[in-house]
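**Student:** Here it is: the structure, laid out below.
Read-outs throughout are calculated quantities, based only on the coordinates presented, and are distinct from any laboratory measurement. Every value quoted in this text rests on a predicted model; they were computed, and no experiment measured them. Cβ placement follows ideal geometry from the backbone for every residue including glycine, while neighbour counts extend to all protein chains displayed.
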Amino acid sequence: MRSKVSRNTVIPLAAALTVFGLGAIAVWLIAAQQLHAVLSDQKNYVVQKISLEFRHRDELLQDFAERANQGCSDKLLEEMRRALFDHNSTRDIAILDDGANEIRCTALLGALERPALLQPEAGLPTPKEGRIVWMNPAGLDYPHSTNLVVFREGPLAVISYPAWTGDLPDYRRWEVTATTPNSGTKVTVLGQSGVSGDYQWSRWNPFVSLLYVRSCELENGIICLYLNAGLGELAANEWPLLVTGNLVNATMAVLLFLQVRTHLLLRNSVGSRIRRSIRSGGVQFRCVYQPIIDLRSDRLSGCEVLARYEDEYGPLSPAEFIPEVERQQLTWAFTEIVLSRALKDLEPILDRHPELNVSVNFFPGDLDDVHVERLSTNPSLRWAASRKFRLCFEILETGILSADHMQKVQRFLDRCGFLTAIDDFGTGYSNISQVRDSHINLIKIDRSFVQELDRKLPAMRASLVGPMIEIARSINVEVVAEGIETETQLSQIKELKVRFGQGFFLSRPLETDAFRDFAQADRNNAPQTVVSMKRS
């Protein structure tokens, strides 16, 4: 009893903590996304200003390229000073000796007493041939001259010290990097070294990746801008969302704990009943059989085997015991019980009608190639194959396996003359190629689609029945319409030229004796006239 109490507490608690954790992650990501939008706006603004600065630089280099060879004349310096008023993002223009890296004069400083030497080894190449960049060269005396950038092309150089950095908050971490075109080496040009490295690491961490933005749109990808927001900024800016969201998460987690714990108490009792029954041979299970009718001839074509359960505590519906069978991984033992019981019940009918299709639901995991030996040695399947009975393996569409995982199983089914069907077609996500590659023989349209056919108002599911039938025809498989419950539904199914149908309007699931009577009374079928559900 102590272990039961522990299990009934631990599982709901784990579920509640999981939900709270997932909710907390979602709240975090939403808050981080909002901060990411702020970072993106700042990035776009800065990139625009840098792009303007680079455009002004290129215009000045082009305008004065030829005249720079004239030397440091007063006239040329005056013209360059006037040009600076039209290009306010550029700070100065300099003239160098064409054969050396010495700045002789600038528009603002005039002729220099001592030429400013630009060290060749400190220059960074750019995408444009002949253009080199220096960061913070010595020998230039400007007020507020931090972060000087010199772009040289021939005897002319444009000098700037970025003003756009003042548009970023003081607490913002940022970095500008340049990649040398020849060696591919990335160096820090401006800002805090390391932001770019943190950005690369953050790409693999979804919890912090939204706190970084990058733009490499400058200089043909050579220049990259990185911005980073800290956790403190996230907490300060988004605290209302973080607090409110996690309070909601906590409330949902408590409610989930109470609901799961109550449900688990009931489910565990059901699970115990099912487990004892299967391990003792499944005497509490019985089979009922729902006829499948050929709608063209009104003849019996087959039946679907349905399991029912009842013990001393009362009956359980399939919706109650099937999930327990799956949860306890007793699917194959359960299927063996149902298969053995169904073939024993139907043996007299199958002896007279060997072409009668007997559809049995199989769990997808039991049809993986790793289980082919278990299938091939099953006594019931071997007996059915030896008697050439036509069994149909029904698999839920939501659990259909890849064709690669069922190759050996499919060959085994083909050798035995068995068929394969997709059950509840339309409720899963399989596509035409997946169905075709799985070598399916039948498609069973889910009842939820059929039951909307006779509604007065247009229904989305009803409109999909026609396309599903066309899918089946395009890959040459037969169609069974499940859940036919009214004459109108039957009429519309026939208009769509669906050959086979199943549902309460045609027949409810029948106990063994009642199904035997139904088969014998079915237009006095002879074995040679039994309608096959397999395309020729």
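**Student:** Ordered by residue, what ³J(HN,Hα) values in Hz, to whole numbers, does the range 282-295 give under the Karplus form 6.51 cos²θ - 1.76 cosθ + 1.60, where θ = phi - 60° and Gly and Pro are x?
**Tutor:** x, 5, 7, 8, 9, 10, 10, 10, 9, x, 10, 10, 7, 6
**Student:** Gap in Å between the Cα centre of the range 23-78 and the Cα centre of the range 212-288?
**Tutor:** Answer, in whole Å: 42.
**Student:** Also, I was wondering about something else. List the pair-distance distribution P(r) of the range 262-417, using every Cα-Cα distance, as the percent of pairs falling in each 10 Å bin from 0 up to the bin containing the longest distance, rounded to whole percents.
**Tutor:** The calculated distribution, bin by bin, is 10, 37, 35, 16, 3, 0.
**Student:** Please report, in whole Å, how far the alpha carbons of the range 280-523 spread along each principal axis, starting with the longest.
**Tutor:** Between the extreme Cα coordinates on each principal axis of the range 280-523 lie 51, 41, 37 Å.
**Student:** While we're here: Take the cross-link list Lys408/Lys494; Lys75/Lys186; Lys43/Lys128; Lys344/Lys494 and give me the ones stretching past 31 Å between alpha-carbons.
**Tutor:** As for pairs spanning more than 31 Å Cα to Cα, those are Lys408/Lys494; Lys75/Lys186; Lys344/Lys494.
**Student:** Based on the Cα atoms of the chain, what semi-axes does the equivalent ellipsoid have, where each is the square root of 5 times one gyration tensor eigenvalue, given in whole Å with the largest first? Walk me through the numbers before you get to the answer.
**Tutor:** Values: eigenvalues 1260, 168, 87 Å².
Rounded to whole Å, the semi-axes are 79, 29, 21.
**Student:** For the range 349-389, what size does the Cα cloud have along each of its three principal axes, sorted from largest down, in whole Å?
**Tutor:** Extents along the principal axes: 35, 18, 11 Å.
**Student:** Something else: Once you order the gyration tensor axes a ≥ b ≥ c over the Cα atoms, which shape class does the range 165-231 get: rounded for a/c under 1.5, otherwise prolate or oblate by comparing a/b with b/c? Before the final figure, lay out the partial values.
**Tutor:** On the way: a/c = 2.10, a/b = 1.35, b/c = 1.56.
Note, shape of the range 165-231 comes out oblate.
**Student:** Residues with amide H under 5 Å of Thr126's amide H, sequence separation 5 or more or different chain, H placed in the peptide plane at 1.01 Å from N; which?
**Tutor:** Arg131
**Student:** If you don't mind, there's one more thing I want to ask. So what's the Cα pair-distance distribution over the range 154-266, bin width 10 Å, in %?
**Tutor:** 11, 28, 24, 15, 11, 7, 3, 1, 0
**Student:** With 10 Å bins from zero, work out the P(r) of the range 21-164 over every alpha carbon pair and list the percent per bin.
**Tutor:** 11, 37, 27, 10, 8, 6, 2, 0
**Student:** Give me the percent of DSSP beta bridges within the chain that run antiparallel, rounded to the nearest 5. Don't skip to the answer; put the middle values down first.
**Tutor:** Working: 55 of 78 bridges.
Taking every DSSP beta bridge within the chain, about 70 percent pair in antiparallel fashion.
**Student:** Could you tell me the largest-minus-smallest coordinate of the C-alpha atoms of the range 201-339 on each of the three principal axes, in descending order and whole angstroms?
**Tutor:** Rounded to whole Å, the extents work out to 76, 45, 28 Å.
**Student:** Using modelled amide H (1.01 Å from N, peptide plane; none on Pro or chain starts), what sits under 5 Å from the amide H of Leu510, excluding residues fewer than 5 places away?
**Tutor:** Under 5 Å from the amide H of Leu510: Tyr289, Gln290.
**Student:** Would you work out the relative contact order for the chain, in percent, from Cα pairs under 8 angstrom that are 6 or more residues apart? Each step should come with its number before you reach the end.
**Tutor:** Details: 826 pairs, mean separation 63.0, N = 536.
Value for the chain: 12 percent.
**Student:** Taking amide H atoms as placed 1.01 Å from N in the peptide plane, list the residues 5 or more away in sequence, or in a different chain, whose amide H sits under 5 Å from that of Ala116.
**Tutor:** Answer set, sorted by chain and number: Ile103.
**Student:** A further question on this structure: When a/c is below 1.5 the answer is rounded, else prolate if a/b is larger than b/c, else oblate, so apply that to the range 99-192 with a ≥ b ≥ c taken from the square roots of the Cα gyration tensor eigenvalues.
**Tutor:** Taking the square roots of the gyration eigenvalues as a ≥ b ≥ c, the range 99-192 is oblate.
**Student:** From the backbone phi of the range 305-313, what are the Karplus-calculated ³J(HN,Hα) couplings (6.51 cos²θ - 1.76 cosθ + 1.60, θ = phi - 60°) in whole Hz, Gly and Pro given as x?
**Tutor:** 7, 10, 8, 10, 9, 7, 9, 5, 8
**Student:** Tell me the volume per residue, in Å³, of the convex hull enclosing the alpha carbons of the range 1-86.
**Tutor:** Each residue corresponds to 129 Å³ of Cα convex hull volume.
**Student:** Kindly provide the helix-only [θ] at 222 nm of the chain, computed as the sum of -39,500 (n - 2.57) over DSSP H runs of four or more divided by all residues, to the nearest 500 deg cm²/dmol?
**Tutor:** Working: 15 runs with 230 residues, N = 536.
Counting only the DSSP helices, I get -14000 deg cm²/dmol.
**Student:** Sort by residue number and report every cysteine in the chain with no other cysteine beta carbon within a distance under 4.7 Å.
**Tutor:** Cys287, Cys303, Cys392, Cys416 - these cysteines have no disulfide-compatible partner (Cβ-Cβ under 4.7 Å) in the chain.
**Student:** Take peptides 365-372, 340-347 and line them up by average Cβ neighbours within 10 Å, highest first, as a rough protection proxy.
**Tutor:** On the way: 365-372: 16.1, 340-347: 19.1.
Most protected by this proxy first, the peptides run 340-347, 365-372.
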